[in-house]
Amino acid sequence: MKLLPETKWKKTLLISVIVLVLIVASVSVFVLIKADSDFASEIKVLNPNGSATALIIYHPGFSSFPEDVINALGNGLVENGWRVEITTASDQAPTDLTKYSLLVLGSPVYGGSPSASIKRHLERIEDLQEIETVMVVTSGGINEGAEASIQQIVEDHNGNIVTVLSLHTGDSLDIATQAVNDIFPLEHN
């Protein structure tokens with residue numbers, strides 16, 4: 001039994017296919033590891049003298065888009081008088097929500113589901129104590145089922161979903177800022 005074809009072009013084709021499979025497998029492993037990883041960051045405070053405090057916890061994703069959306073949403077809250085604390089989902093992020101009036105959870109979509117780091121952080125918090133919660137779901141394309149999935153997870157942890165904001169790569173960041181103005185106008189505070 002021959003393992004390699006005898007003709008040169010068949011050998012080249014076989015080697016090319018093997019290399020392609022190895023590259024795809026390596027990239028897939030990298031994507032799975034990155035999608036499932038927690039990234040600890042410092043808490044960034046915007047508008048320290050705001051009248052109410054919002055906590056934004058997000059998973060950064062593969063591109064800058066999820067973080068850009070979170071920052072746009074945070075800036076929208078600041079414009080409406082909120083103190084905003086922004087950090088990534090990790091074991092260093094706050095789990096005691098008693099000093100917050102609003103929780104914003106931001107997650108890219110991986111395989112139709114929110115990031116594992118957001119799910120793990122909700123497990124660390126355990127009980128959201130009916131805090132008003134805004135979900136920000138970002139994706140590069142179709143995210144069918146992700147909104148319902150994260151909404152169910154938040155409700156299972158006793159959260160009070162105010163809205164689920166779904167943005168796709170290429171959407172204007174103004175959508176996030178405008179959503180804040182629609183949901184939490186200045187008189188909310």
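Exactly one of (1) in contact with a strand residue (DSSP E or B) (Cβ under 9 Å, 6 or more places away or on another chain); (2) surrounded by fewer than 22 Cβ atoms within 10 Å (Cβ to Cβ); (3) at pLDDT below 85 is unmet by Asn181. Its number?
(1)
Do we find a residue being in contact with a helix residue (DSSP H, G or I) (Cβ under 7 Å, 6 or more places away or on another chain), in the same structural domain as Ile175 (by TED's automatic domain parsing) and over 22 Å from Asp171 (Cβ atoms) anywhere in the range 57-77?
No, because not a single residue in the range 57-77 is in contact with a helix residue (DSSP H, G or I) (Cβ under 7 Å, 6 or more places away or on another chain), in the same structural domain as Ile175 (by TED's automatic domain parsing) and over 22 Å from Asp171 (Cβ atoms).
Scan (1) part of a helix (DSSP H, G or I); (2) of a type in the set (A, V, I, L, M, F, W, C); (3) over 12 Å from the mean Cα position of the chain (by Cα) for the single condition Ile70 breaks and write down its number.
(3)
Quick grid of which residues meet (1) assigned to a helix (DSSP H, G or I); (2) of a type in the set (A, V, I, L, M, F, W, C); (3) touching an Asp or Glu at 6+ places or on another chain (Cβ under 7 Å); (4) modelled with pLDDT of 90 or more:
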{"position": "Lys2", "(1), (2), (3), (4)": "no, no, no, no"}
{"position": "Lys11", "(1), (2), (3), (4)": "yes, no, no, no"}
{"position": "Ile15", "(1), (2), (3), (4)": "yes, yes, no, no"}
{"position": "Glu42", "(1), (2), (3), (4)": "no, no, no, yes"}
{"position": "Ile57", "(1), (2), (3), (4)": "no, yes, no, yes"}
{"position": "Pro60", "(1), (2), (3), (4)": "no, no, yes, no"}
{"position": "Ser63", "(1), (2), (3), (4)": "no, no, no, no"}
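Among the residues of the range 95-104, is any basic (Lys, Arg) and either assigned to a helix (DSSP H, G or I) or farther than 23 Å from Ile183 by Cβ (or both)?
No, there is no match, as no residue in the range 95-104 is basic (Lys, Arg) and either assigned to a helix (DSSP H, G or I) or farther than 23 Å from Ile183 by Cβ (or both).
Collect the residues in the range 130-167 that are modelled with pLDDT under 75 and assigned to a strand (DSSP E or B), keeping them in residue-number order.
Passing the criteria: none in range.
Got a sec? Which of Ser51, Ser117 is at pLDDT 85 or above, over 24 Å from Ile175 (Cα atoms) and among the small types (Gly, Ala, Ser)?
The unique qualifying residue is Ser117.
The values are calculated or read from the model by the stated rules, or taken from the named source; none is laboratory data. Nothing here was measured: the structure is a model prediction, and the numbers come from that model. With ideal geometry, Cβ positions are generated from the backbone for all residues, glycine too; neighbour counts draw on all protein chains shown.
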